[in-house]
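Participant: I'd like to ask you about the structure that follows.
Every number here is computed from the coordinates shown, using simple stated rules; none is lab data. This is a predicted model, so every value here is computed, not measured. Ideal geometry is used to build each Cβ from the backbone, glycine not excepted, and the neighbour counts take in all protein chains shown.
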């Protein structure tokens, strides 16, 4: 399945998907509400069969006031991949947990929560993954400020 | 300390509850039902423990010798690499990847360099690609040699460690001639290679391959054939293909579970499409299969290097100017490759400036580690050590 | 029973290999540093210390362009301009290199447009005090070699440059400092790129 | 442990020939200590491969120095080799490990990360800038990572420190001999004045984004 | 230590040495002799341990293509002295939440048990500290005391890894004690005595390992395995398996007390090897082949002490060879090996040996003279 075919298949799957520009691989945007159902559709579709969640991360678009969740799915049978994005409100980022769809999402979401502060609904064990439990703030946010962190003293 | 985002006070007031490690441990705690019941206890394995390969901490709930629950606690080498990456240019990112999974530094360099090259749409000549492929395969052998040695050590045999390192040192010497460094090479740069290869390089590689082939059989005699090893590994830590896919395991861990998914075959990069090799696949997905898959991979890597080493094409080894600033057009780029431990992915979010807006490393060990949890429950402590070792964890790769 | 003997045989096979290495002392691969210090030959490209390339007159080519400083991923290089340059537009005053944070990524050497920098394979630089690992690599503050050579004589050149106290780190321990090595066996190695 | 210790050392010294006896004892003990440095198996990242594994492996063989007996328990180890990055989360653990080691204990910091933070010295929110901020460090072996020979050189430096600097009269006190031979006419003070102060002035702490301070925040959850 | 043939334990032949009753006639001499003997034993013990540690490190190094200790003395020959001196002057940490008394007692108990076991070992016909008529029984009894030290040490440390190590050690040593005793019993049956010197002298015409064709060898094999397990060496080093339990039962021990565990471990190796040499390889008896009288005379020229040392060294080397080649067993496999394989074989072997003795068959097989 080439890029256009894959995109059209995915877009025909649900009207809630919209194509995403400026990516090097087929990408769609999905709404946050009902993300779990959409992902289940992608996983269980016979021609798509995205059974591996390779990447789950987030991007902090501070100017737009959004946090974009990025999921890159790979099919272990067809070897094609798809990027799914979901835009969250930056000031109150809450998203549904995908840990019921892919087991690994549980820990990837913990990492995103740790570094970006995205809260996941129905997550079995939502706590920080890499930093201490009492860490203040979420370091990968663009406006994260830390006294400990030093700026480069010269160029 | 300045506080951004959610303060500690507001955190507890939000609708989505946040747990902590102590709560998690309490969650698994249960009192013995009667006076005769065994008392389960928690024990910290790590962060300083000889067999966690670095500073991984596992909180184990144990019943005597049996492991009931595993709570991995990460972040003991979380260096904030992804934050750091937002402050430095694309060329400098390569040296960060050295420190991800330091046992396959060259392959990590390649992923990063390739991601930048693809985003900039730079065409490389065959010489660069061939050399990169050779280096990657040599590094795969090197990484597996170290794994073999450490695996032996974790099972209690100290000698394999020494033999593995003895032969690893030979590849290290070859690398040092060309790259000037032993472990963190920073050699594969966006646009080519840092230097041309050492003139003696092909000969030395051929010498090494000639030396190493019989040594592999010796490894087999010393360790693979040993009846104690069979007893320790067979049927231990079974990871079925479905679970492996669902936790996103990759590399030898996934292939040992019977899923033939190797980016070198399914999505060839470098000059892999021009070479003949097989992807070893296991059947049951136990420790023994992971062991055998890795041993086979070393043989396949030798095959690949043998095919390439004799006819390295001519040409320049750098197609970009070193001083030139690298700017990547706006967009999200994701590039992945097969390192010795699995799929290493780099997600670049470029905003048109010299520095990435966001850089994310999808590291193989992160996913592989979680497969350990499903494997080791209900087995004994010694099995946990064997499983951890057979999955070949490198902790800085997980924590980044 | 068959399995039992097969297992036993496998154990003996393993023992055969270790026995082979025990009775063949030629298989010992150990390189005995520091005893082999005199004969230790490292590859030319080994990166362990940053140094300046000096020409035969003792002048460098650094124009103080700060490209290496910019290329350094973690600000291990600090180039300090001369406050009042004598002839050129920019003149180098101090070239400070921090060995304590250097990662030997070689980018500074690669990006330098004038090939001022090089990497030396001198690895013997253990110290007790971290502050001793801050190096000044330049011997003088002033213009580059080619510019200075346009001056008529050495006296005129010397007026344009100002000597700087070279500190390129602690020199390596001499042979007799190392335990178990007879004194005077080795020449002390020079870590500097400065011609003596 | 031992019949001769710091408590009765003054008493022994009072006897005729006491000082010479104590000096002999010092020499013997220091010889023993310097030749039997059992390292703790502690490695956090890349440097562990080079200075713990490759140095201990057949090609370089740490055993020649009598230091191959790597103890996993800090109680039995003499030498803590800091191999790799120390992050904030590891800090308390590292301090505990150091406290758990029995005197005399020595620390070698290897590699840029353990010395100064290395690649993560700036713009990292979690890397400790040098292990010396947490525990006393005796010998520093620069490199990223240092090659095994460089580590051996550091080990020899430590051995020299033990042999020349320790006495039973002053337990725990380290006298670091100036064996780093400086070029003629240059003192350490000069270097400090000329370079270090210059550096320290420049690397002042300043927050990355001034605008995003707490009082300027417009949103809260 | 009274003289007299009717006492159960025949002590050092001190009384014969001074003539009459030593304790009443010349108490100072007796006291000095006891002191001297103790000092000698401890000295011998530490020397043996040091030599063994050095030998182990060197041999292991050469198994692994490296050199081992090289820089202290000629080829690192003083390495063990440096190590022991360092350990002697190292801080002795007693963690706060430990049982202080038991914590201090445990290493002492370990060393005491090995010391008691050591005195029964006859090194040559003339050198033996206590040549008792129940030597074998005594040795089996006191060597079991060592496990008490390990258990106490692990328990009193208040550390979960220590406790795990101690429990493993306890289970392992007590289990393997059984099959070890069974294999020893075979020899005791053949020799008809529990006295070491008698057992050795009974092998003048052929060592027990081949004098009874299969039975002797099987007993020796079982003895080898179970003694390796008894002294916690690879492939049975579960009690201190470094990659699993950090340092096992002695995790919380430092300095001299750790050195005592270390010492006990190596002395146990020596005791086990000399026991193997005494019981199966003829102790100080020279190697004879049937009717080759010239060869036999040549063999007789070598003093018995040397013969004994050679046999012990051979067994120690075998133990080291095994240690540096094999990986470790798992704890359940270890127990399975003992209870399901070694114990039945040992029992059957013992029964066969008893039958052979009843039929007096074995004396006619392979009688070399």
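Participant: Over the whole of C:89-101, what's the average partner chain Cβ count within 10 Å per residue? Rounded to a whole number, please. Please list the in-between numbers first.
Facilitator: Working: counts 0, 0, 0, 0, 0, 3, 0, 7, 0, 7, 7, 12, 14.
The mean count of partner-chain Cβ atoms within 10 Å per residue comes to 4.
Participant: Fewest first, what order do E:339, D:31 take by the number of other Cβ atoms within 10 Å? Write down the numbers at each step before the final one.
Facilitator: Numbers: E:339 13, D:31 20.
Ascending Cβ contact count within 10 Å gives the list E:339, D:31.
Participant: Okay, next question. Can you pull the mean other chain C-beta count within 10 Å for peptide D:148-159? Write down the numbers at each step before the final one.
Facilitator: Working: counts 5, 10, 7, 3, 7, 10, 4, 3, 11, 7, 2, 4.
So the per-residue partner count for this stretch is 6.
Participant: So, in nm, how far is label residue B:22 from label residue E:359 when the simple model puts each one 7 Å beyond its Cα toward the Cβ?
Facilitator: Here the modelled spin labels are 7.4 nm apart.
Participant: Let me ask something else about it. Express the C-alpha Rg of chain B as a ratio against the empirical globular expectation 2.2 N^0.38 Å, rounded to two decimals. Provide the component values of the computation, followed by the final result.
Facilitator: On the way: Rg = 22.4 Å, N = 400, 2.2 N^0.38 = 21.4 Å.
Against the empirical 2.2 N^0.38 Å value, I get 1.05 for chain B.
Participant: Taking a quarter of the surface of the Cα convex hull of chain E, what do you get in nm²?
Facilitator: Details: hull surface 84.9 nm².
Projected area, direction-averaged: 21.2 nm².
Participant: By how many degrees, 0 to 90 and rounded to 10, does the Cα axis of helix E:343-359 deviate from the longest principal axis of chain E?
Facilitator: 20 degrees
Participant: When the Kirkwood radius is taken over all Cα pairs of the stretch C:40-151, what Stokes-Einstein diffusion coefficient follows at 10 °C and 1.306 mPa s, in µm²/s? Walk me through the numbers on the way to the answer.
Facilitator: Values: Rh = 14.7 Å.
Approximately 108 µm²/s, per Stokes-Einstein.
Participant: Something else: Starting from one equal scatterer on each C-alpha and no solvent at all, send me the Debye-based log10 I(q)/I(0) for the stretch B:58-112 at q = 0.23, 0.27, 0.29 Å⁻¹, two decimals.
Facilitator: Per q value, in the given order, log10 I(q)/I(0) is -0.87, -1.04, -1.11.
Participant: Within the stretch A:92-136, which residues have the backbone N less than 13 Å from the label spot 7 Å out from residue A:14 along Cα→beta-carbon, could you tell me?
Facilitator: Counting backbone N atoms under 13 Å from the label point, the list is A:96-98, A:101.
Participant: Inside 10 Å of the C-beta atoms of A:54-63, what's the mean count of C-beta atoms belonging to other chains?
Facilitator: On the way: counts 9, 10, 3, 9, 2, 6, 3, 4, 2, 1.
What the average comes to for A:54-63 is 5.
Participant: Considering only DSSP beta bridges whose two residues both sit in the protein assembly as shown, what percent are antiparallel, to the nearest 5? Working shown, then result.
Facilitator: Working: 69 of 87 bridges.
If we restrict to bridges inside the protein assembly as shown, about 80 percent are antiparallel.
Participant: Calculate the all-directions average of the projected area of the stretch B:139-263's alpha-carbon convex hull, and give it in nm². Write out the running numbers ahead of the final one.
Facilitator: Working: hull surface 39.1 nm².
About 9.8 nm², averaged over all directions.
Participant: If you average over every viewing direction, what projected area does the convex hull of the Cα atoms of the stretch B:153-218 give, in nm²? Can you show the working numbers first?
Facilitator: Working: hull surface 23.0 nm².
Result: 5.7 nm².
Participant: Using a 10 Å cut-off around each Cβ, can you sort B:227, B:205, B:253 from fewest to most neighbouring Cβ atoms? Please list the in-between numbers first.
Facilitator: Details: B:227 17, B:205 20, B:253 31.
Fewest-to-most ranking of B:227, B:205, B:253: B:227, B:205, B:253.
Participant: Also: Can you give the FRET efficiency to the nearest 0.05 for residue A:94 and residue A:134, using r as the Cβ-Cβ distance and R₀ = 25 Å? If you can, show how the numbers build up before the last one.
Facilitator: Numbers: r = 22 Å, r/R0 = 0.88.
About 0.70, to the nearest 0.05.
Participant: Say a paramagnetic label sat at a point 7 Å from the Cα of residue D:28, along Cα to Cβ; which residues of the stretch E:256-272 have their backbone N under 18 Å from it?
Facilitator: In the stretch E:256-272, the label zone of residue D:28 (backbone N under 18 Å from the point 7 Å along Cα→Cβ) covers E:256.
Participant: Another one. Could you calculate, for the stretch A:3-121, the ratio of the Cα radius of gyration to the Kirkwood radius, expressed as Rg to Rh? Walk me through the numbers before you get to the answer.
Facilitator: On the way: Rg = 13.4 Å, Rh = 14.3 Å.
For the stretch A:3-121, the value is 0.94.
Participant: What FRET efficiency comes out for residue E:99 versus residue E:348 if R0 is 56 angstrom and r is the Cβ-Cβ distance? Round to the nearest 0.05.
Facilitator: The formula returns an efficiency of 0.80 here.
Participant: A follow-up question, please. Measure nothing but the geometry: give the 0 to 90° angle between the long axis through the Cα atoms of E:304-323 and the longest principal axis through the Cα atoms of chain E, rounded to 10°.
Facilitator: Between helix and principal axis, roughly 50 degrees.
Participant: Above 12 angstrom, tally the Cα pairs of the stretch E:268-319 and express them as a % of all pairs, no decimals.
Facilitator: Working: 815 of 1326 pairs.
The calculated P(r) of the stretch E:268-319 puts 61 percent of pairs beyond 12 Å.
Participant: Right, something else. For the stretch B:272-400, take N as its residue count and report Rg(C-alpha) divided by 2.2 N^0.38 Å.
Facilitator: Values: Rg = 19.6 Å, N = 129, 2.2 N^0.38 = 13.9 Å.
The stretch B:272-400 yields a ratio of 1.40.
Participant: Now for a separate question. Could I have the simple spin-label model distance between residue B:306 and residue C:27, label points 7 Å from Cα toward Cβ, reported in nm to one decimal?
Facilitator: 2.3 nm
Participant: Sort C:18, D:110, E:294 by Cβ crowding within 10 Å, fewest neighbours at the top.
Facilitator: Values: C:18 23, D:110 31, E:294 7.
Ascending number of Cβ neighbours within 10 Å: E:294, C:18, D:110.
Participant: Hey, could you grab the Kirkwood Rh for the protein assembly as shown? Inverse mean 1/r over distinct alpha carbon pairs, Å, one decimal. If you can, show how the numbers build up before the last one.
Facilitator: On the way: mean 1/r = 0.0295 Å⁻¹.
By the Kirkwood definition, the hydrodynamic radius is 33.9 Å.
Participant: Work out the P(r) tail for the stretch D:34-165: percent of alpha carbon pairs separated by more than 22 Å, whole number.
Facilitator: On the way: 2466 of 8646 pairs.
Tail of P(r) above 22 Å: 29 percent of Cα pairs.
Participant: With a point put 7 Å past each Cα toward its Cβ, work out how far residue D:96 is from residue B:260 in nm, to one decimal.
Facilitator: Simple spin-label model gives 4.8 nm for this pair.
Participant: Taking R0 as 45 Å, what FRET efficiency do you get between residue B:284 and residue B:30 from their Cβ-Cβ distance, rounded to the nearest 0.05? Walk me through the intermediate numbers first.
Facilitator: Numbers: r = 32 Å, r/R0 = 0.72.
Rounded to the nearest 0.05, the efficiency is 0.90.
Participant: Sort D:52-65, B:212-225, B:305-318 for me by packing, meaning the mean count of neighbouring Cβ atoms within 10 Å per residue, highest on top.
Facilitator: On the way: D:52-65: 24.9, B:212-225: 16.9, B:305-318: 15.0.
My ranking of the peptides, most packed first, is D:52-65, B:212-225, B:305-318.
Participant: If one computes P(r) from the Cα atoms of the stretch B:11-94, what percent of pairs lie at distances over 16 Å? Each step should come with its number before you reach the end.
Facilitator: Working: 2384 of 3486 pairs.
Of all Cα-Cα pairs in the stretch B:11-94, 68 percent lie more than 16 Å apart.
Participant: Next up: Helix E:255-280 versus the longest principal axis of chain E: what is the Cα-based angle in degrees, 0 to 90, to the nearest 10?
Facilitator: That works out to roughly 20 degrees.
Participant: Gain in length, residue E:134 to residue E:74, computed as 0.36 nm per residue apart minus the alpha-carbon separation, to one decimal in nm? Kindly include the intermediate steps, with their values, before the conclusion.
Facilitator: Working: separation 60, 0.36 × 60 = 21.60 nm, distance 4.37 nm.
Stretched fully, the residue E:134-residue E:74 segment lengthens by 17.2 nm.
Participant: Can you tell me the order of E:142-154, B:189-201 when each peptide is scored by its average per-residue count of other Cβ atoms within 10 angstrom, highest first?
Facilitator: Working: E:142-154: 23.4, B:189-201: 19.2.
Final packing ranking: E:142-154, B:189-201.
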